[in-house]
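These notes concern the structure reproduced below.
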Amino acid sequence: MEKTLRISDHDDFFSRRCVWVNGPVIVGAGPSGLAVGACLKEQGVPFVVLERAECIASLWQKRTYDRLKLHLPKQFCQLPKMPFPEAFPEYPTKKQFIEYLESYAKRFEVNPRFNECVQSAKYDETCGLWRVRTVSTNAAAGAHSEVEYICRWLVVATGENAERVVPDIEGLGAFGGNVMHACEYKSGETFRGKRVLVVGCGNSGMEVSLDLCNHNATPAMVVRSSVHVLPREVFRKSIFELATLMIKWLPLWLVDKLMLILAWLVLGDVEKYGLKRPSMGPLELKNTQGKTPVLDIGALEKIRSGDIKVVPGIKRFFPDSVELVNGEKLDIDSVVLATGYRSNVPFWLKESQFFCKNGFPKASFPNGWKGKAGLYAVGFSRRGLSGASLDAIRIAQDIGKVWKEETAQKPKTTACHRRCISQF
């Protein structure tokens, strides 16, 4: 059987266009992929970036709501080697962040190959190289083509939020109103006067509910599990910045305690509004389970006033209503699923030693950026853009060191397969 599979792979190899990449292949042109590209450019290492969409940072450009701003101060969100413009506010808007990323890509000459959707990537032990297979779609010509990229290094930069999560809830398919995921939501303008059920109470669920309120809709927010709600700022300082300073001198558990005390002083007791806090502290929960605390920017005030109704979990949907687990029924017009995202790495990366089944590296931060056989991961540290930047710097330095050592030696003649008709 193994021999048969080998022959099949060999025949399949001859059926597609093959591209030799004289450097790493980076899968994903979001902030993480751009950061790796920029750092590799500084190291003098050539690379190819593959992106399934037709633009950089497609999550930000196509799957975010209009009112979105960075949740953290800009100094914690800048990519390596290029700060945000001084004229930008402390919390840049979605539009400003996209402008920053486009300027970043232009400055470091990171030019992704767009509309290249990776179907599979696996390490070929026979030749010691990665084989990355893509389907390329030329929207203008309506043409499809398959390409196989051959490379020594593979950088996975598809991130933590590659695919939407849509829960399977009884009766949802029979609901007669509008149902959308938060990635499709743009503004509350189209929901004026509507009764909207927002499923999820993370940062997206809170902000969507707030936006709906601001557009005279009537939102009810489903809070099924516990959640940490923290003030975005304390004493005019970002609570994240305060936590970053404290963690340098104090143990994690104590920093968590202090953050919760500050949250109680600023926000009061949020549990009486149906927002039960987890038993684990916000930083520990983020580090171990990847659950981000909610940074309040006004939703809590709307919850206190009753403009946002907090409701428990869902039992089932009906054509024009929803039944909750406590037996209450709500008449609703629309549903917004703020149910999060997941990694898509398990669907295309044929590897099981470095990545878990959930699409995250098995090793925790700060050791989850490098695997074996030239495999790297960026943007999976659960530490936002600052964590991705740190990963990018390490990856580029690691590859750059080998690249410089080898290019400093006298070039050797190497055999090249005749089907590798292109080179980068």
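Among the residues of region 321-330, is any surrounded by fewer than 19 Cβ atoms within 10 Å (Cβ to Cβ) and within 23 Å of residue 186 (Cα to Cα)?
No, that holds for no residue.
I'd like the full set of residues that are within 18 Å of residue 263 (Cβ to Cβ) and either small (Gly, Ala, Ser) or in contact with a His (Cβ under 6 Å, 6 or more places away or on another chain) (or both), limited to region 176-224.
The one that is within 18 Å of residue 263 (Cβ to Cβ) and either small (Gly, Ala, Ser) or in contact with a His (Cβ under 6 Å, 6 or more places away or on another chain) (or both): 202.
When region 277-295 is examined, which residues are found to be open to solvent by 30 Å² or more (accessible area, probe 1.4 Å) and not polar (S, T, N, Q)?
277, 280, 283, 284, 286, 291
Looking at region 6-18, is at least one residue touching a Cys at 6+ places or on another chain (Cβ under 7 Å), at pLDDT below 95 and either open to solvent by less than 50 Å² (accessible area, probe 1.4 Å) or of a type outside the set (Lys, Arg) (or both)?
Within region 6-18, one or more residues are touching a Cys at 6+ places or on another chain (Cβ under 7 Å), at pLDDT below 95 and either open to solvent by less than 50 Å² (accessible area, probe 1.4 Å) or of a type outside the set (Lys, Arg) (or both).
Which pairs have Cβ atoms under 7 Å, sit 6 or more apart or on different chains, and link a residue in region 349-373 that is of a type in the set (Lys, Arg) to one that is in a loop (DSSP other than H, G, I, E, B) and open to solvent by 70 Å² or more (accessible area, probe 1.4 Å)?
372/353
Of the residues that sit in region 246-264 and are without any contact (Cβ under 8 Å) to a residue 12 or more places away in the chain and within 30 Å of residue 305 (Cα to Cα), which one is least open to solvent (accessible area, probe 1.4 Å)?
The qualifying residue least open to solvent (accessible area, probe 1.4 Å) is 261.
Which ranges mark the strands (runs of 3 or more DSSP E) fully within region 113-211 that have 2 or more residues being in contact with a Pro (Cβ under 8 Å, 6 or more places away or on another chain) and open to solvent by less than 50 Å² (accessible area, probe 1.4 Å)?
By residue number, 154-156, 195-199.
Quick check on region 214-239: of everything there that is more than 23 Å from residue 271 (Cβ to Cβ) and among the hydrophobic types (A, V, I, L, M, F, W, C), which residue is least open to solvent (accessible area, probe 1.4 Å)?
Among those that are more than 23 Å from residue 271 (Cβ to Cβ) and among the hydrophobic types (A, V, I, L, M, F, W, C), it is 217.
The values are calculated or read from the model by the stated rules, or taken from the named source; none is laboratory data. All values derive from a computational prediction rather than experimental measurement. Backbone-built Cβ (ideal geometry, glycine too); neighbour counts: all protein chains shown. To get the accessible areas, we keep the full protein, side chains included, count just its heavy atoms, and leave off ligands, DNA and RNA. Shrake-Rupley method; radii C 1.70, N 1.55, O 1.52, S 1.80 Å.
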